[in-house]
Each structure stands twice: as structure tokens, then as C-alpha cells.
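S.K.: One structure, pasted below without further comment.
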Amino acid sequence: PNIYKACTALVHLGSPAPWGNPLRSVLACGKAIVATDTSLSGLNVEAGRHVLKANTSDEFVAQISALLEQSTQRKEIERNARALAECFSWKETSQRYEEVYQKAAETTTALPHKLI
């Protein structure tokens, strides 16, 4: 977290990390993120509000330049990112998984079982 706190923004060029943990950590630190659609898949973020999206080199240059040149926009994205991260908790996450598993179990028991 200290490394994230010391940076101005995270530029994520790669594929999504398992469970999005590095990106969630950066959100929790209240830092701006510029990332591809692929990197952000699975995260419930809104482009322009919580993160900035870029998929081409020109888009990355434009988004990074905007963050560096427009501190007001960057600070708003940082506040929104932090507020979003504060909505997450392990308790809430585990409850949501339990609900999904319960629905899956109910659906499975209602289906006829056949071996193929």
C-alpha cells in the first residue's frame, strides 16, 4: 500500500489479475487508475468516475496526460475510487458468494439428474 500511496496513478497495461486484487488495492488507496477494458473486467467500476480506460497507445497518452495536467479531475477520480473501495468488505463479499451458491444449489436440485 505504501508504494501505491506514493504514486500519482497506476497505469495497468496487462491482463486482469486474479480477483483484481492489485487494482482493488489501488482503489482503496484512493489513487487514479488508467487501464484497459480487459484489465478492468470483473471490477464494478465506471470509466471517467472511478478509473480511466484506455485501449490504444494514443488513448493511454491522452488519459495519462489528463491525469497529470488536470489535478482537479485526478483528485475527483481518487475520491470516487476510495469511496467505491470503502463499499467492499470481506463479510459482504462472502455473503454474496453464499447467496450465489445457495441459488445454484436450489437450481441444481430442481433439475432432473442425468449422467451423460
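S.K.: What do you get when you divide the Cα radius of gyration of the chain by 2.2 N^0.38 Å, with N the number of residues?
M.R.: 1.35
S.K.: While we're looking at this one, here's another question. Whenever you get a sec, compute what percent of the accessible area on the chain sits on carbon and sulfur atoms (1.4 Å probe).
M.R.: 55
S.K.: So what is the accessible area of the chain per residue, in Å², with the probe set to 1.4 Å?
M.R.: Values: 8140 Å² over 116 residues.
Averaged over the residues of the chain, the accessible area is 70 Å².
S.K.: Now for a separate question. Given points 7 Å out from each Cα along the Cα-Cβ axis, report the Ala105 to Gln70 separation in nanometres with one decimal.
M.R.: Reported label-point gap for Ala105 and Gln70 is 4.9 nm.
S.K.: Please enumerate, by chain and number, the lysines with C-alpha under 22 Å from the C-alpha of Lys31, excluding those fewer than 8 residues away in the same chain.
M.R.: The qualifying lysines are Lys5, Lys53, Lys75.
S.K.: If you don't mind, there's one more thing I want to ask. I need to check one value: relative contact order of the chain, counting alpha carbon pairs closer than 8 Å and at least 6 residues apart, in percent.
M.R.: 23
S.K.: Ignoring everything except DSSP H segments at least 4 long, calculate the 222 nm mean residue ellipticity for the chain; use -39,500 (n - 2.57) per segment, divide by total residues, nearest 500.
M.R.: Rounded to the nearest 500, the figure is -17500 deg cm²/dmol.
S.K.: Okay, next question. Could you give the dipole magnitude of the chain about its Cα centre, charging the beta-carbon of Lys and Arg +1 and that of Asp and Glu -1, in debye to the nearest 20?
M.R.: 240
S.K.: Continuing with the same structure: Report, ordered by chain and residue number, the aspartates and glutamates lying within cross-link reach of Lys91, taken as a straight Cα distance under 14 Å and ignoring same-chain residues fewer than 8 apart.
M.R.: Qualifying aspartates and glutamates at Cα under 14 Å: Glu99.
The values are calculated or read from the model by the stated rules, or taken from the named source; none is laboratory data. In this text the structure is predicted, and so the values were computed from the model without any measurement. Note: ideal-geometry Cβ built from the backbone for every residue, glycine included; neighbour counts use all protein chains shown. Side chains are part of the model used for accessible areas, which takes the heavy atoms of the whole protein and leaves out ligands, DNA and RNA. Shrake-Rupley method; radii C 1.70, N 1.55, O 1.52, S 1.80 Å.
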